[in-house]
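Chemist: The structure's right below; bear with me while I get my questions together.
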Amino acid sequence: MNNVILLANKDSKSWEFARKIQMYILETKEILLPLYEVVITKFRNGEIGVHIPENMRKKEVYFIHNSSENPQDWWVELLLIKDLLLNSSAESVTFVLPNMLYSRQDRKDKPHVPISARALAKSISYGIKRIITMDLHAGQIQGFYPENVPVDNLYSFPEIVRYLKKHHLEKLDNLVVVAPDAGAAGRTKAFLKKLEKAQEDSSKKQNYSFALLSKERAKPGEVGGMQFIGDVSGKNAIIVDDIIDSGGTLCMASEVLKQNGAQRIMCYGTHGIFTKGISELCGCFDVVMTSNTHSQQDTKVEVIDVTPLFAEAIYRAQMGLSISKLFE
């Protein structure tokens, strides 16, 4: 890994994320990867300027982007940084995108609308080596990218399970894992299997089960109605999702679970955007958890560090090792 470097914007939230990746690889692999700075500035009219002070020639670059910033700036910065690196004769360019923005628009849900996830893929994929991201909103998005640009979609489940067993073991007894909608059922069942596998060597077996919420959207970001399929009476519950935006859907789901007799209710969303803040959501749940793919300031939400998974993925991708082994 002599020519491998990490690259991030020192003035953004991604710098700390990149530093944690760097330190994990140093501590576990005894390899110190250089972390270089990309300088991103704005002209007075809002146009973006990009500069990398270091020499990128013949370097294998892993650019770690900031998922917490304005989505439009995020997209343009990817285009400009890719152009800069390719013109600087970098050996290869890998985008590390903790949260791949624009992934919610993965199909036409009505006539005369773009498939934004496909448009993003077309614009950023040319010339790059691979993309490493986490908990894609829809797995089929990987198919929008060319065969020569693999998309490694990491799963945060291993870190969630470890966190729950360490910090909320008492809430795992008699637990119901709830899918927030039909589209999330596969993801939620995968999480349930991780929970079950994690207690194989445990002397005290806990009971886990699955339930489903079915929702109807009045319009994007607004739920019209919700039905519950399952049994949570006298049990603890956790809702597992990929994105928490405003949190309105989760609050409605919490109310439905309470009406059906749930005791303690937790929720986890990998990408905590929290566009309406965290206060209302914390009032609806006993525990609110998210990962650090987005920077979090409010101490009422519990943040799970997923940088070890990204660090392992970078190391394994570079060394030609299996990434899927991380999730077995």
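The values are calculated or read from the model by the stated rules, or taken from the named source; none is laboratory data. Everything quoted here is computed from the prediction, not taken from an experiment. Cβ: placed from backbone, ideal geometry, glycine included. Neighbour counts: every protein chain shown. Just the protein is used for accessible areas: all its heavy atoms, side chains included, with ligands, DNA and RNA removed. Shrake-Rupley method; radii C 1.70, N 1.55, O 1.52, S 1.80 Å.
Chemist: Every residue in region 166-184 that is open to solvent by less than 70 Å² (accessible area, probe 1.4 Å), assigned to a helix (DSSP H, G or I) and at pLDDT 90 or above, please.
Modeler: Listed by number, the residues that qualify are 171, 172.
Chemist: Here's another thing I want to ask about it. Against the conditions (1) closer than 22 Å to residue 242 by Cβ; (2) among the hydrophobic types (A, V, I, L, M, F, W, C); (3) over 20 Å from the mean Cα position of the chain (by Cα), where does residue 38 fall short? Just the number, please.
Modeler: Status for residue 38: all satisfied but (1).
Chemist: Evaluate the following for residue 230: is it touching a residue at least 40 places away in the same chain (Cβ under 8 Å) and farther than 18 Å from residue 180 by Cα?
Modeler: No.
Chemist: Test residue 118 against the stated conditions and say whether it is within 20 Å of the chain's Cα centre (by Cα), within 21 Å of residue 269 (Cα to Cα) and among the basic types (Lys, Arg).
Modeler: The answer is no for residue 118.
Chemist: Kindly state which strands (runs of 3 or more DSSP E) lie completely within region 251-319 and contain at least 3 residues that are open to solvent by less than 10 Å² (accessible area, probe 1.4 Å) and under 16 Å from residue 164 (Cβ atoms).
Modeler: The strands (runs of 3 or more DSSP E) meeting that bar are 265-272, 287-291.
Chemist: For residue 88, indicate whether it is among the small types (Gly, Ala, Ser) and more than 30 Å from residue 274 (Cβ to Cβ).
Modeler: yes
Chemist: While we're looking at this one, here's another question. When the residues of region 67-113 are narrowed to those that are under 22 Å from residue 143 (Cα atoms) and charged (D, E, K, R), which ends up most open to solvent (accessible area, probe 1.4 Å)?
Modeler: If we take residues in region 67-113 being under 22 Å from residue 143 (Cα atoms) and charged (D, E, K, R), then 107 is most open to solvent (accessible area, probe 1.4 Å).
Chemist: Is it the case that residue 197 is under 20 Å from residue 301 (Cβ atoms) and surrounded by fewer than 17 Cβ atoms within 10 Å (Cβ to Cβ)?
Modeler: no
Chemist: Restricting to region 1-26, name every residue that is open to solvent by less than 10 Å² (accessible area, probe 1.4 Å), of a type in the set (A, V, I, L, M, F, W, C) and out of contact with any Phe, Trp or Tyr (no Cβ under 8 Å at 6 or more places or on another chain). I'd like the intermediate steps shown before the answer.
Modeler: We begin by selecting, within region 1-26, every residue open to solvent by less than 10 Å² (accessible area, probe 1.4 Å); these are 4-8, 14, 18, 21, 25.
If we keep only those that are of a type in the set (A, V, I, L, M, F, W, C) as well, we get 4-8, 18, 21, 25.
Matches in region 1-26: 18 only.
Chemist: Turning to a different aspect of this structure: Working only within region 203-222, note down all residues that are in a strand (DSSP E or B) and either at pLDDT 70 or above or surrounded by 15 or more Cβ atoms within 10 Å (Cβ to Cβ) (or both).
Modeler: 208, 209, 210, 211, 212, 213, 214, 215
Chemist: Can you name every residue in region 108-140 that is modelled with pLDDT under 95 and part of a helix (DSSP H, G or I)?
Modeler: 139, 140 - these are the residues of region 108-140 that are modelled with pLDDT under 95 and part of a helix (DSSP H, G or I).
Chemist: Filtering region 226-250 down to residues that are over 30 Å from residue 68 (Cα atoms), open to solvent by 20 Å² or more (accessible area, probe 1.4 Å) and among the polar types (S, T, N, Q), which residue is modelled with the highest pLDDT?
Modeler: So, considering only residues that are over 30 Å from residue 68 (Cα atoms), open to solvent by 20 Å² or more (accessible area, probe 1.4 Å) and among the polar types (S, T, N, Q), the one modelled with the highest pLDDT is 233.
Chemist: Kindly evaluate residue 189 against the criterion of being modelled with pLDDT of 90 or more, open to solvent by 20 Å² or more (accessible area, probe 1.4 Å) and assigned to a helix (DSSP H, G or I).
Modeler: yes
Chemist: Shifting gears a bit: Has region 281-293 got any residue that is acidic (Asp, Glu) and without any contact (Cβ under 8 Å) to a residue 40 or more places away in the chain?
Modeler: no
Chemist: Are any residues in region 94-131 without any contact (Cβ under 8 Å) to a residue 40 or more places away in the chain and hydrophobic (A, V, I, L, M, F, W, C), and if so, which ones?
Modeler: Those that are without any contact (Cβ under 8 Å) to a residue 40 or more places away in the chain and hydrophobic (A, V, I, L, M, F, W, C): 95, 97, 101, 113, 115, 117, 119, 121, 131.
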